Every structure is written in C-alpha cells, then in structure tokens.
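Heads up, the thing below is written out as structure tokens.
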Amino acid sequence: MRRIVTMMLRVAGPYRDRFAASIRHSVIGSLAQAGAYASMLPILHELSRPQVEAAAAWRWFAVFAACYAVEAVYRCREIGFQYTEWTGVIESIRLRLGDRLRRMPLRELERRATGDLTTVVGGNVVNAALGVSAVALVFLQMVIVPVVLIAVFLVVDWRLGLTLAVVTLLAVPFVRQVQRISGSGFRRVDEADAAAASRIVEYVQGLPVFKATGQVGESSVRLRAALQEQTRHQAESQSRSALPALYAAAVVQLGVIAVAAVGTALVLGADLTAPILVAVVVGAVRFAEPLATATTLTAMFEITDAAIERVTEVLDVAPLDADPDARITRFDVAFDEVAFGYTGAPVLRGVSFAVPARSFTALVGPSGSGKTTVTRMLTRYADPDAGTVRIGGVDLRTVDPTEIYRHVSVVFQDVYLFGDTIRANIAMARPDATDAEVEAAARAANVHGFVERLPHGYDTRVGEIGGALSGGERQRISIARAILKDAPIVLLDEPTAALDAESEVAVQQAIDALVADRTVVVIAHRLSTVVGADQILVLEGGRIAERGRHAELLSARGRYARMWAAQTRARHWRVEAETAKVAGVEGGQ
Ligand SMILES: Nc1ncnc2c1ncn2[C@@H]1O[C@H](COP(=O)(O)OP(=O)(O)OP(=O)(O)O)[C@@H](O)[C@H]1O
C-alpha cells in the first residue's frame, strides 16, 4: 500500500501536493464519518435510559452534527480533486512521458515496440491517473471506516468488537487472493494489450507491403491471434478472481449475521439495550457493504498498480549522461578505435578515421558491414563500448544529443512526412523560418516545381495527396528540411539508389545543394557518386578494410577495385539491355 502511494505521488508530478492533500482530506473525511456513527451510540444510550438526560443527549448530538459537517467539507475537497484535477493529471503524465521519450537514448527507443509505447502513453496513463485521483482514496476509506468501527464495537462490548474483528480477519485471505490473482492477471492483460497494439500498428503500417506481397491473409492471422490472446487473458483474469471474490463477500455477509446474533444474545442477557443493538446492526451492514465491494476495488487497484508500474518504467529510463555546458564549436569528426555492438557481438571493431571540416567522406562496403552504425554513433544513438567519437575535438559522451542535433543534419532513405502541410514539413527543421526561407530551401532542393503544381501549393496537406508523392519527391522534401536547417555537418544515406533516372538527377542536384561547403559523411551504395570524395572508407565486417581516394583505391586493386569493376559491369549490362530493347522496338516498327 505504502509502495503504491509512493509511486502515485511520484506519478502525480506537479499535482503531488494536491494529491497528498486529497489523501489527507480522505483520511479526515473517513475519520469524521466513523466519528459521526460512533457518536450515535451514546445518543441512543442516553435516549433509552429511564431518566433521559436531555443536555447530555444534545451534547452528543452536537458531536454527531460536527462530525458530519467535517465529513461533508472534507469529502467535497477530496471529490473536488477527483473532478477538477483528473484531466490535469493525465496531461501532466503525458507531457512528462513525451519529455522522457524525447530525451530517451535512440537505442532504448528503438528497443521498445511502437504498440508498447502507445499503450503506455494511452491507456496506462489514464489508468494511472484513475488511481491517483480516485482508487487510492476509496481504498483508504474502506480501510479506515472498518478499523474505527471495530474500535467502537470494542468500546460498546468487547464481544461485539471481537466478532467483527474475527469476521474481518476471515475475509482478508480471500481479498488477498483476489488481489494476487487479479494482480498477475492484469499484468498479463496489460502485456497482451501492448502486444495487440503493436500488431495493429504493424498491420496498418504494413498493409501496402502485405498487399503487394500477397500476405494480407497471413498478417491478419497474426493480428487475429494477438487479439484472441488479449481476449483470452481478459476473460481468464476475470473468471479466476470471481470465486474468491464471492467467498470474500459471503464471509462478510455471514459476519453481519454473527454480529446480530452476538448482539441479540447480549440484549437477552441484559448486557446491551435494544436501540444499541439496532445501531450495531446498522453499523455492521454499513461496514459489510464496502467490504463486499472491496474485492472489485482491489481489482481496480491492481489495474492502477500495473499501469503505474509501466508508466514509471518509462519515466525511469535515464537519459544519456552529458555535461550541460559541453558545446560543439568546430565541425571536424574523428573516430578513435571505436568498438560497438548492439547485443554483445561487436558490429564495429577498432574503427579509426578523421573527417576534416568541410570535407566529403564516403562509407562503402557490403550490406551489414556497419556503415549505418558508424553514422548512428555520430548522433549518439548509443555510446561506444570502447574508443571515442569526437566532433570538433569534443568527446560525444559528454554532449547532450540535442546539442549534437543542432549541428548535424541527417537524411535517411526512409522519409517520414507528418500529416501537416508541405510548408510545415519543411519548416520542422527550423520552426522560426520565414516563408521566404522555406521557399528558398525548397527551390534549392528541387521541391518548388512540383509543389507549385499541388492544389494549395505549400499549404497542401500531405494527407490530402496521400501516396501521390513519389519516392524522389519525398526525398527532396527531406533534403529541403536539411538545407533549411543549415547544419554544418551532414549525414546522408545515399537516397538515389532506388530512384528512376529522372528523379535521380533531381535528387542528386538537391544533394549537391545540401552538401556544398559542409562536413559530409555519405553512405554510398553506388560508387559512381563517390568518385570525387576526399576520402573513401571501405568497411568490411565492422573494420575499415581500405581507405583513400578513388584513384588510389583503384590502383591498390583490392576490395574497392573489385566492387568498382562489378558495378561498372552491371552498368554496362544495363546500358546494353536498354540499347537492345530500343533496337527491338525500332526493328519491330
Ligand atoms: N538495431 C539493431 N539491433 C541489433 N543489430 C543491429 C541493429 N542495427 C543493425 N544491426 C546489425 O549490425 C550490423 C551492421 O548493420 P548496419 O546497418 O550498420 O550495416 P550497413 O553496412 O549499414 O548495412 P546496409 O548497407 O544493408 O544498410 C548488421 O549485422 C545488422 O544486422
């Protein structure tokens, strides 16, 4: 209980003090409620005496009224928190999660499935807030009222108090069992929810690919399996806790009968008056009601507990260490004996190279040789296992990723466009940019021409045109972003490989505009684009196998020369095939 309240106080964030106050109000309200009930007994006692002492009865009535007034005031304050702060608590948790996700190491972010995070930020936050604003308070009330009632019964007659205490103790194991079963059940339900959410995201995002590859049936089988698993866990969790919940309720109801029986025996033995017996039975029934529903609330409490755990797990992911004052002021890049592995097995091994400011370095090598990983280390995707990555002489281990991203533009092969206007999509690199600056960047990236042909020009929403943007156009929008950002270092995963000849020329012109006069590291898939590079690094199995300029590497007759020869042959075949096709068409005419 204390653990959960502590976690709730943490999750409540800026609402912490108000939450703590509402718990205090709940405790005071519950004590006052119990006090009001307890003060009824002396009133009845006075009224049932042969010689009624009116003054004493009124005194107790004053106590009774005061207790009720206090309860009303504090319940209002407690309920006020639930009604007015509920949405605020949700907003505050989501904002803090957003901030954490923004500062979360990219590697950690990538490790978590999208559906998992969607469940945390969506449903888990609501359930956590539910706990913060309501469940804990109701639970407190359910604990305080019975305890006070047992104490009052003990004062009236120890046998009544003992009966109530025994009944409570008998019900406890069943309540605990419900708590345990529903606790583990809800965790499984939560995991199944997250898995189903991931499958839904995967299904929707992958639909075009599934359709193209004729896999729609198989992917929907996977989705259906995840949804069935979710339903199974939900049904299981409810049915397994139903029986102990019924037992707990039955024990409590039997308890009321037991109290009434002991009370009747006491009245018959002249140890208790009939009006007090009535009050005791009313009290026992009042006590039984919340305890019988306690099991349901216990289950709700477990949902809250599981949700809070998942939310705090994300809030607890530590951002990468950094010196807040570390600044990058020069834009040369250096790798010094860098080793790195994603899951233990090394992907980069002793990689060392230097990229002078405003020079052009190309990374080439077979698929899986570590090219992308090298560029990731430059944006502090993760820290190296050994060795050092420096920009402008500063060890990136000390630099906040936000500071790195201020100076580095990254252009990936996969371009993500937000459901906003073309203008907003370009300007996201620099939200304060003027329309003229956005347009200038768009012109430089060869975007202006096709944007002018769109129905609302730069104000056309990406959603309106849907898939109408070609791969090359999307690429050029992402290059326009980078041009607008105007960062001195550019990391480029060569995007022209998959484009047709016309798009390729347009994108290549955009790239030329982007890389001019900057420190550039390019992952090159086609060697023809790196002939003019200041330095070519040939990666193989996570090591630099060769390095030099194009001509030097050709004359070395090593790995690069073989790759060059293979690509040149392939180009010739393509040209010959094209020529044969054209000749065939002409011959047929
Ligand atoms: N997030 C990841 N988790 C685990 N392993 C990874 C991850 N990303 C890459 N790898 C592995 O690291 C190795 C190097 O991958 P990397 O993407 O750097 O190669 P690459 O040379 O860029 O390949 P390609 O040209 O195909 O993009 C590969 O074996 C890859 O499977």
Worksheet item: Can T361 be described as β-branched (V, I, T) and either within 13 Å of the ligand (Cβ to nearest atom) or out of contact with any strand residue (DSSP E or B) (no Cβ under 8 Å at 6 or more places or on another chain) (or both)?
Response: no
Worksheet item: Any residue in the range 435-446 that is open to solvent by 50 Å² or more (accessible area, probe 1.4 Å), in the same structural domain as I544 (by TED's automatic domain parsing) and within 16 Å of the ligand (Cβ to nearest atom)?
Response: no
Worksheet, complete the sentence: When R406 is run through (1) open to solvent by less than 60 Å² (accessible area, probe 1.4 Å); (2) touching a residue at least 60 places away in the same chain (Cβ under 8 Å); (3) out of contact with any Asp or Glu (no Cβ under 7 Å at 6 or more places or on another chain), the failure sits at (1)
Practice prompt. Please work out which one of (1) away from the ligand (no atom under 16 Å from the Cβ); (2) free of Cβ contacts under 8 Å to residues at least 12 places away in the same chain; (3) of a type in the set (G, A, S) is the condition S367 fails and give its number.
Written response: (1)
Worksheet entry | Filter result for A386 (open to solvent by 10 Å² or more (accessible area, probe 1.4 Å), away from the ligand (no atom under 16 Å from the Cβ) and either outside the structural domain of L514 (by TED's automatic domain parsing) or in contact (Cβ under 8 Å) with a residue 12 or more places away in the chain (or both)) | yes
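Rundown of residues vs (1) at pLDDT 65 or above; (2) within 16 Å of the ligand (Cβ to nearest atom); (3) assigned by TED's automatic domain parsing to the domain that holds H448; (4) surrounded by fewer than 23 Cβ atoms within 10 Å (Cβ to Cβ), yes/no style:
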residue: L469; (1), (2), (3), (4): yes, no, yes, yes
residue: R476; (1), (2), (3), (4): yes, no, yes, no
residue: I483; (1), (2), (3), (4): yes, no, yes, no
residue: E502; (1), (2), (3), (4): no, no, yes, yes
residue: V505; (1), (2), (3), (4): yes, no, yes, yes
Item to complete: Working only within the range 516-560, note down all residues that are open to solvent by less than 20 Å² (accessible area, probe 1.4 Å), modelled with pLDDT of 90 or more and assigned to a helix (DSSP H, G or I).
Response: L553, Y560
Discussion item. Suppose we keep only residues that are over 24 Å from G392 (Cα atoms) and either open to solvent by less than 20 Å² (accessible area, probe 1.4 Å) or hydrophobic (A, V, I, L, M, F, W, C) (or both) within the range 333-358. Which one would you say is nearest to the ligand (Cβ to nearest atom)?
Written reply: V347
Item to complete: Quick one: which residue in I79, I43 is within 22 Å of A274 (Cα to Cα) and either assigned to a helix (DSSP H, G or I) or open to solvent by 70 Å² or more (accessible area, probe 1.4 Å) (or both)?
Response: I43
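Restricting the search to the range 389-429, which residues are within 15 Å of the ligand (Cβ to nearest atom) and in contact with a helix residue (DSSP H, G or I) (Cβ under 8 Å, 6 or more places away or on another chain)?
Residues of the range 389-429 within 15 Å of the ligand (Cβ to nearest atom): 389, 410-414.
If the condition is that a residue be within 15 Å of the ligand (Cβ to nearest atom) and in contact with a helix residue (DSSP H, G or I) (Cβ under 8 Å, 6 or more places away or on another chain), then V389, V410, V411, F412, Q413 are the ones that fit.
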Worksheet item: Of the conditions (1) within 13 Å of the ligand (Cβ to nearest atom); (2) farther than 30 Å from T119 by Cβ, D325 fails just one. Which one is it?
Response: (1)
Fill in: Residues that are closer than 16 Å to L162 by Cα, open to solvent by 30 Å² or more (accessible area, probe 1.4 Å), of a type outside the set (A, V, I, L, M, F, W, C) and part of a helix (DSSP H, G or I), drawn from the range 254-291
T264
Discussion item. Being over 30 Å from L97 (Cβ atoms) and open to solvent by less than 80 Å² (accessible area, probe 1.4 Å) narrows it down to one residue among S26, S48, S22; which is it?
Written reply: S48
Worksheet item: What is the number of the single condition among (1) over 22 Å from the mean Cα position of the chain (by Cα); (2) touching a residue at least 12 places away in the same chain (Cβ under 8 Å); (3) open to solvent by 60 Å² or more (accessible area, probe 1.4 Å) that E309 does not meet?
Response: (1)
Worksheet, complete the sentence: Reported set for the range 370-380 where residues are more than 9 Å from the ligand (Cβ to nearest atom) and closer than 16 Å to S409 by Cβ is L378, T379, R380
Practice prompt. Taking the residues in the range 220-242 that are at pLDDT below 80 and open to solvent by 80 Å² or more (accessible area, probe 1.4 Å) as candidates, determine which candidate is farthest from Y203 (Cα to Cα).
Written response: R240
Discussion item. For a quick check of your reading of the model, give me the residue pairs whose first member lies in the range 252-266 and is modelled with pLDDT of 90 or more, whose second is open to solvent by 60 Å² or more (accessible area, probe 1.4 Å), with beta-carbon atoms closer than 6 Å and at least 6 apart or on different chains.
Written reply: V262/R159
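The values are calculated or read from the model by the stated rules, or taken from the named source; none is laboratory data. The shown structure was predicted, so the numbers you read here are calculated from the model rather than taken from an experiment. In this analysis, Cβ positions are derived from the backbone assuming ideal geometry, glycine residues included, and neighbour counts consider all displayed protein chains. What goes into the accessible areas is simple: the full protein's heavy atoms, side chains included, and nothing from ligands, DNA or RNA. Shrake-Rupley method; radii C 1.70, N 1.55, O 1.52, S 1.80 Å.
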